[in-house]
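Below is one structure, written out as structure tokens, with a few remarks after it.
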Amino acid sequence: MATLINDRIDVRISKEQKELIKYASALRGFKNVSEFIVTFITNEANKIVSENNTILNTLEDKKIFIETILNPPLANDKLKNAQINHSKLVGTDEPKIRIIK
Amino acid sequence: MNLKLELLNKLHIKKEFSCGKELLDGYIRNQAKQDDNRDLSVCYVLNEEESNRVIGYYTLSSNTINRSDLPDDLAKKLPPAYINLPTILLGRLAVDVRYKGNGYGAFLLTNALNEAVELSDRLGILAVVVEPIDDEAVSFYEAYGFTLIPSNRKMFITIKTIKSSK
């Protein structure tokens, strides 16, 4: 699918960085630096978004999650108090906060 | 001042919403309605009864962890019926700075968790996952008993834990 090219990004960069990027781009055989930058930055951006959408990445993440699901802790006092306050705000005859479902 | 909590609608005044975090201000002002229209997430809005001015909001969407993403030794600990691990994502939660100090953050969090519990009666859900935007947000959720997922600083609380708070 052809992508419509109709926007641009201006980036401030040092002369040395620009030379390096141009050189790397040429080494990989890109037609121009724009194409090189767009290709690599798009890949990197996709990776970041995908990692962000994944909840459990490492083995440690997975262990913590499974252990907690299998042995769920009881709610702490702060959460219990928050429940009491929530009930007070919505539950009375003249609630301070009206819940509309 | 009387308030109401309801799903985002056209009457809500959201252009002036300011919680001090640009990402969260921009979301309610420009993005929330679009995500809602696309059925990607639902936005609950705390707002003033008369003026419809937005005081705070949170968003919910569904999220799944696949059993196949788990290493065998961990997957074995789960009953075989757990093919996927369904969760609810509490993607964003924010309160306007001009209304800070009234406990509205705690109110919105509690309301979101209770909403998740209610949903879990009709649809399997194991936990609520949050994406804290900074250290302050991590401390906020930690205080209510959320567990940190180290690699990406997301956090979660199980439905069973929430149920034990009522």
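Considering only residues that are open to solvent by 70 Å² or more (accessible area, probe 1.4 Å) and at the interface with chain B (Cβ under 8 Å from one of its Cβ atoms), which ones fall in the range A:80-94?
If the condition is that a residue be open to solvent by 70 Å² or more (accessible area, probe 1.4 Å) and at the interface with chain B (Cβ under 8 Å from one of its Cβ atoms), then A:LYS80, A:ASN85 are the ones that fit.
Of the residues that sit in the range A:21-58 and are open to solvent by 90 Å² or more (accessible area, probe 1.4 Å) and either within 14 Å of another protein chain (Cβ to nearest Cβ) or not in a helix (DSSP H, G or I) (or both), which one is farthest from B:SER151 (Cα to Cα)?
Among residues in the range A:21-58 that are open to solvent by 90 Å² or more (accessible area, probe 1.4 Å) and either within 14 Å of another protein chain (Cβ to nearest Cβ) or not in a helix (DSSP H, G or I) (or both), the one farthest from B:SER151 (Cα to Cα) is A:LYS31.
Just the residues that are loosely packed, with under 15 Cβ neighbours inside 10 Å and not in a loop (DSSP other than H, G, I, E, B), please, taken from the range B:17-37.
B:GLU22, B:LEU23, B:GLY26, B:ASN30, B:GLN34, B:ASN37 - these are the residues of the range B:17-37 that are loosely packed, with under 15 Cβ neighbours inside 10 Å and not in a loop (DSSP other than H, G, I, E, B).
Taking the condition in a loop (DSSP other than H, G, I, E, B) and within 16 Å of the chain's Cα centre (by Cα), does B:LEU40 pass?
Spelling it out, B:LEU40 is indeed in a loop (DSSP other than H, G, I, E, B) and within 16 Å of the chain's Cα centre (by Cα).
Could you tell me whether any residue of the range B:43-52 is among the small types (Gly, Ala, Ser) and open to solvent by 80 Å² or more (accessible area, probe 1.4 Å)?
no
Scan the range B:95-153 for residues that are in contact (Cβ under 8 Å) with a residue 40 or more places away in the chain, in a loop (DSSP other than H, G, I, E, B) and either out of contact with any Pro (no Cβ under 7 Å at 6 or more places or on another chain) or open to solvent by 40 Å² or more (accessible area, probe 1.4 Å) (or both) and report the count.
Residues meeting the conditions: 4.
Of (1) more than 8 Å from every other protein chain (Cβ to nearest Cβ); (2) surrounded by 10 or more Cβ atoms within 10 Å (Cβ to Cβ), A:ILE9 satisfies all except one. Which?
Single failed check for A:ILE9: (2).
Tell me, please, whether a residue that is within 11 Å of chain A (Cβ to nearest Cβ), within 30 Å of B:LYS15 (Cβ to Cβ) and out of contact with any Asp or Glu (no Cβ under 8 Å at 6 or more places or on another chain) can be found in the range B:135-146.
Checked against the condition, which is being within 11 Å of chain A (Cβ to nearest Cβ), within 30 Å of B:LYS15 (Cβ to Cβ) and out of contact with any Asp or Glu (no Cβ under 8 Å at 6 or more places or on another chain), the range B:135-146 yields at least one hit.
State which residue pairs qualify: first residue within 12 Å of another protein chain (Cβ to nearest Cβ) and inside the range B:3-15, second residue part of a loop (DSSP other than H, G, I, E, B) and among the basic types (Lys, Arg) in any location, beta carbons under 7 Å apart, and separation of 6 or more residues or different chains.
Cβ pairs passing all conditions: B:LEU3/A:LYS96.
Being at the interface with chain B (Cβ under 7 Å from one of its Cβ atoms), open to solvent by less than 80 Å² (accessible area, probe 1.4 Å) and part of a helix (DSSP H, G or I) is the filter here; which residues of the range A:66-79 pass it?
The answer is A:ILE66, A:THR68, A:ILE69, A:LEU70, A:LEU79.
The values are calculated or read from the model by the stated rules, or taken from the named source; none is laboratory data. Remember, predicted model here, so these are calculated numbers, not experimental data. Neighbour counts are summed over all protein chains in view; Cβ atoms, including those assigned to glycine, are modelled from backbone coordinates with ideal geometry. Just the protein is used for accessible areas: all its heavy atoms, side chains included, with ligands, DNA and RNA removed. Shrake-Rupley method; radii C 1.70, N 1.55, O 1.52, S 1.80 Å.
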